[in-house]
1. Within the range A:1-26, count every residue that is modelled with pLDDT under 80 and either touching an Asp or Glu at 6+ places or on another chain (Cβ under 8 Å) or buried (at least 18 other Cβ atoms within 10 Å of the Cβ) (or both).
2. Which numbered condition trips up residue A:48, out of (1) in contact with a Ser or Thr (Cβ under 6 Å, 6 or more places away or on another chain); (2) modelled with pLDDT of 95 or more; (3) surrounded by fewer than 23 Cβ atoms within 10 Å (Cβ to Cβ); (4) not aromatic (Phe, Trp, Tyr)?
3. Which of the helices (runs of 4 or more DSSP H) contained wholly in the range B:214-319 include at least 3 residues that are over 30 Å from residue B:37 (Cβ atoms)?
4. Being over 30 Å from residue B:112 (Cα atoms) and hydrophobic (A, V, I, L, M, F, W, C) is the filter; apply it to the range A:13-37 and report the residue that is nearest to the other protein chains (Cβ to nearest Cβ).
5. Looking only at helices (runs of 4 or more DSSP H) that lie completely in the range A:38-129, which have at least 1 residues being touching a Cys at 6+ places or on another chain (Cβ under 9 Å) and more than 14 Å from every other protein chain (Cβ to nearest Cβ)?
6. Based on what the data block shows, is residue A:10 within 14 Å of chain B (Cβ to nearest Cβ) and of a type in the set (Ser, Thr, Tyr)?
7. Tell me whether the range B:189-196 contains one or more residues that are at negative phi and at pLDDT 95 or above.
8. Does the range B:270-319 hold any residues that are among the hydroxyl-bearing types (Ser, Thr, Tyr) and either without any contact (Cβ under 8 Å) to a residue 12 or more places away in the chain or within 30 Å of residue B:47 (Cβ to Cβ) (or both), and which are they?
Amino acid sequence: MHRIPALRVTGYMGRAYARTWRASIMTTFINPVLYLLAMGVGLGSFINKSAGHAAIGHQTYLHFVAPALAATAAATTAASESMFPIMGAIKWQKTYYAMLATPLRVGDVLAGHLAWIGVRIATSVASYLIVMAAFGTILSFQAVAILPVGILTGAAFATPLAAFAATQDTDSGFSLVFRLGVVPLFLFSGVFFPLKQLPVGLQVVAWITPLWNGVALCRPLAAGTVTATGLVGHLAYLIAVSVAGVVVARSTFRRRLLV
Amino acid sequence: MGDNSVDEDPPGSDALVAARNLVKEFGSFRAVDSVGFEVRRGEAFGFLGPNGAGKSSTMRMVAGVSPRTSGDLTILGLDPDRDGPRIRARLGVVPQEDNLDPELTVRENLYVYGRYFDIPRRELRGRIEELLHFAQLTERGNDKVDPLSGGMKRRLTIARSLVNEPDLLLLDEPTTGLDPQARHILWDRLYRLKARGVTLVLTTHYMDEAEQLCDRLVVMDNGRIVAEGSPRSLIARYSTREVVELRFAPGDTERMADKVADLGERIEVLPDRLLLYTSDGDAAVDAVTGRGLEPLSVLARRSTLEDVFLNLTGRHLID
């Protein structure tokens, strides 16, 4: 299967990850449990008895928040996997340069690393799905599609951020991305409350964020109420952002690595 | 080695690397300024020069990882712009800075790198044991790379560069930063490779390294090639057979220079000593004492590449 050169890069990433997988796999399972307990069950016990219950369509808050959190996990995993590790491979451990001294090309290195980020996103979405099932928040077989949709949501974060990471000389920009990008998206993309609660201006901003589009896909998938027309727009948007990210990343990677 | 006639060899078809008018620019800075050279099969070819001379930039172009700005460059008969992956499949590269994976073991580093070349797993495992033996790292095979000494990491990097059994091995300052023992072990390994017929291309700013390892070398300065030949022919052309170093009391140096200048073919006045370039060092020393001069210290030595190098590239400090 390693006839595809990029997969040799992915294979290396997997091997390097295998050294620390224990600690990391724990957090990918513990985080969903903690979030679903605190938000879904804890905060939900208030909301389910209040006026908010109607605003989220008379479902329990746990059912409302769980699929959105799965999309969020995809986004945050994508963000952390596509910034520091890429800069590290360029500046700190210089693993990219070791790869590029072999028959591998810049495109192979980028594709192989993105594929690995995809694996990491898939793992965190899959563990969310398992935990969601344990909490009884999966009401339909459609929920299986949360996995590919989650990967796509993550890709819409990973590819532009990988493009950005390859232009950076220090990691200070990355914490800025988290503070001014990932955290506000996490809070205001309709994960914890319906977007309708926001002022109209902010709603428009939310529509163009990949996380809201991912949330808007995952929620009906978990409930089994998804419709084709509901899917198309969000999917097209996420695919467009991901593809644009790859195109830009190809160019920033080449500019950085082929000097 | 060390035959003058080697310089006059016509460019043969045996050239593994051929460069003509090769230029590399970074923005408006011209790092490599129209250089030409050939590397022939089986030889050890060196780029000697101060920091910033353009050695590493040239090396990166030869390694097929840095596109040239202009000029002709053929590596293993192929154009790196078009056939980069095919060329790199047959090259071994030892970069200036180690880029081993510190989290993986010695063996894993070799394995992962071998897989980048798509070497079949079974074959790779056999090769790794041979390479560990060659690099004297067999006992450390299952240790992580991080705690290894600088010399061991370099040997591992060299072992790694051999995993694809390259036709051409490129080494960018292979012994910089190593202690003398580690350097000698490394040189010994490189000799063995040479004896096996591996073609070596290396950059260095160590004169002793260039003299020890290179059959032929070019001296680079400010992006240009300023001299080319075997170490011995370069010494013959740009220096004298011997050099006498005379140290006088501080303040006396300039005055003494006038008194001994005629004893050598050339004299160089340094802040702390005089260098007298001559074909016969002992005779020059006798002549100095014969004139009743009493230097604080006298050293008559063979001329080295260092003399050539300093003569060609000057004594200005390069930061």
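The values are calculated or read from the model by the stated rules, or taken from the named source; none is laboratory data. Please read all numbers here as calculations on a predicted model, not as lab measurements. Using ideal geometry, Cβ is built from the backbone for each residue, glycine included, and neighbour counts are taken over all protein chains shown.
1. Total meeting the criteria: 2.
2. Of (1) in contact with a Ser or Thr (Cβ under 6 Å, 6 or more places away or on another chain); (2) modelled with pLDDT of 95 or more; (3) surrounded by fewer than 23 Cβ atoms within 10 Å (Cβ to Cβ); (4) not aromatic (Phe, Trp, Tyr), only one is false for residue A:48: (2).
3. Per the criteria, B:253-260, B:281-290.
4. Once the filter is applied, the top-ranked residue is A:30.
5. Per the criteria, A:61-82.
6. Answer is yes for this residue.
7. No, that holds for no residue.
8. Answer for the range B:270-319, where residues must be among the hydroxyl-bearing types (Ser, Thr, Tyr) and either without any contact (Cβ under 8 Å) to a residue 12 or more places away in the chain or within 30 Å of residue B:47 (Cβ to Cβ) (or both): B:277, B:278, B:279, B:289, B:303, B:304, B:313.
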